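Asks: Sending over a structure as structure tokens; questions will come in a sec.
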Amino acid sequence: MREAIRLAQKAKKKGEVPIGAVVVYRGKIIGKGYNLRTKLQMATAHAEMRAIDRACKKLHSWRLPGAELYVTLEPCPMCMGAILNARIDRVYFGAYEQKGRSLTDALANANLLNHKVEVVGGVLKEECAEVLTSFFSEMRAREKAKRK
């Protein structure tokens, strides 16, 4: 998770919403990513999607059984879909999505899916949340200064 936080800080420095993600397989990081939606102008350029894409390329497979994903914020519906599709075994996330999504709980326990994902939330929660909180506080301060 510390590497995911480092990647989130990198996104923050670029003016992106600071979310970082890493895919770990057999104890080694095989995919890294951070948000680049604004720079790339791509709705799918989420940290998780980028880390999963890199991991798939590394293993030459779209399936990642045995892999774990560490991400600084609870994954969105699109990213959870990619996690399920890639057959990732476990997801560890830091900060909880404040919009009350709890999609990760629903998907981890869904009986309709052919793949189950173990989900653990709150890993280094305060550190992960601080990166996001400080980003949005600084952004609001910049916007307020512009209006003066």
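The values are calculated or read from the model by the stated rules, or taken from the named source; none is laboratory data. For clarity, every value in this text was computed on a predicted model and none was experimentally measured. Glycine gets a Cβ as well: all are built from the backbone with ideal geometry, and neighbour counts include every protein chain shown. The area values use the complete protein model at the heavy-atom level, side chains included, leaving out ligands, DNA and RNA. Shrake-Rupley method; radii C 1.70, N 1.55, O 1.52, S 1.80 Å.
Asks: Could you name the lysines whose alpha carbon sits less than 20 Å from that of Lys32, not counting residues in the same chain fewer than 8 places away?
Replies: Lys10, Lys12, Lys13, Lys14, Lys57, Lys58, Lys125
Asks: Now a separate question. Who wins for biggest fluctuation among Ala67, Ala82, Ala129 in a Gaussian network model of the chain, springs between alpha carbons below 10 Å?
Replies: Its mean-square fluctuation being the largest, the pick is Ala82.
Asks: Treating only the Cβ atoms of Lys and Arg (+1) and Asp and Glu (-1) as charged, compute the dipole magnitude of the chain about its Cα centre; round to the nearest 20 debye.
Replies: The calculation lands at about 780 debye.
Asks: I need the Debye-formula profile for the chain: one equal scatterer per C-alpha, no solvent, reported as log10 I(q)/I(0) at q = 0.08, 0.21 1/Å, two decimals.
Replies: Each listed q maps to, in turn, -0.21, -1.31.
Asks: Then there's this: Only bridges with both residues in the chain count here: give the DSSP antiparallel percent, nearest 5.
Replies: Here the share of antiparallel DSSP bridges comes out near 60 percent.
Asks: Once you put a point 7 Å from the Cα of Thr38 and another 7 Å from the Cα of Thr133, both along the Cβ direction, what distance in nm separates them?
Replies: Those two pseudo-labels are separated by 2.1 nm.
Asks: For the peptides 6-19, 50-63, what is the packing order when you average, over each peptide's residues, the other Cβ atoms within 10 Å and list the highest mean first?
Replies: Going from most to least packed, we get 6-19, 50-63.
Asks: Cut-off under 16 Å on the C-alpha distance; same-chain residues fewer than 8 positions from Lys144 excluded. Which lysines are left, in chain and number order?
Replies: Filter leaves no residues.
Asks: Can you give the FRET efficiency to the nearest 0.05 for Lys116 and Lys13, using r as the Cβ-Cβ distance and R₀ = 30 Å?
Replies: After rounding to 0.05, the efficiency reads 0.25.
Asks: With a 1.4 Å probe and all protein chains left in place, how much accessible area per residue does the stretch 1-140 have, in Å²?
Replies: Averaged over the residues of the stretch 1-140, the accessible area is 53 Å².
Asks: Kindly write out, for the stretch 2-16 in residue order, the coupling ³J(HN,Hα) from the Karplus curve 6.51 cos²θ - 1.76 cosθ + 1.60 (θ = phi - 60°), rounded to whole Hz, with x marking Gly and Pro.
Replies: 4, 5, 5, 5, 4, 5, 4, 4, 4, 4, 4, 5, 8, x, 8
Asks: May I pose another question? Just reorder Ile29, Ile5 by solvent-accessible area, largest first, 1.4 Å probe, all chains present.
Replies: My answer, sorted largest first, is Ile29, Ile5.
Asks: Follow-up question, since we're still on this one. Less than 10 Å Cβ to Cβ from Leu40, Lys/Arg counted +1 and Asp/Glu -1: what total charge do the surrounding residues give?
Replies: Residues close to Leu40 contribute a combined charge of +2.
Asks: Next up: What is the sum of charges around Arg140, taking Lys and Arg as +1, Asp and Glu as -1, for the other residues whose C-beta is under 12 Å from the C-beta of Arg140?
Replies: In short, +2.
Asks: If the label point is 7 Å along Cα→Cβ of Arg6, which residues in the stretch 16-35 have backbone nitrogen under 15 Å from it?
Replies: Counting backbone N atoms under 15 Å from the label point, the list is 20-24, 28-34.
Asks: Any chance you could check the Cα centroid distance between the stretch 42-93 and the stretch 134-148 for me, in angstrom?
Replies: The stretch 42-93 and the stretch 134-148 have Cα centres spaced 32 Å from each other.
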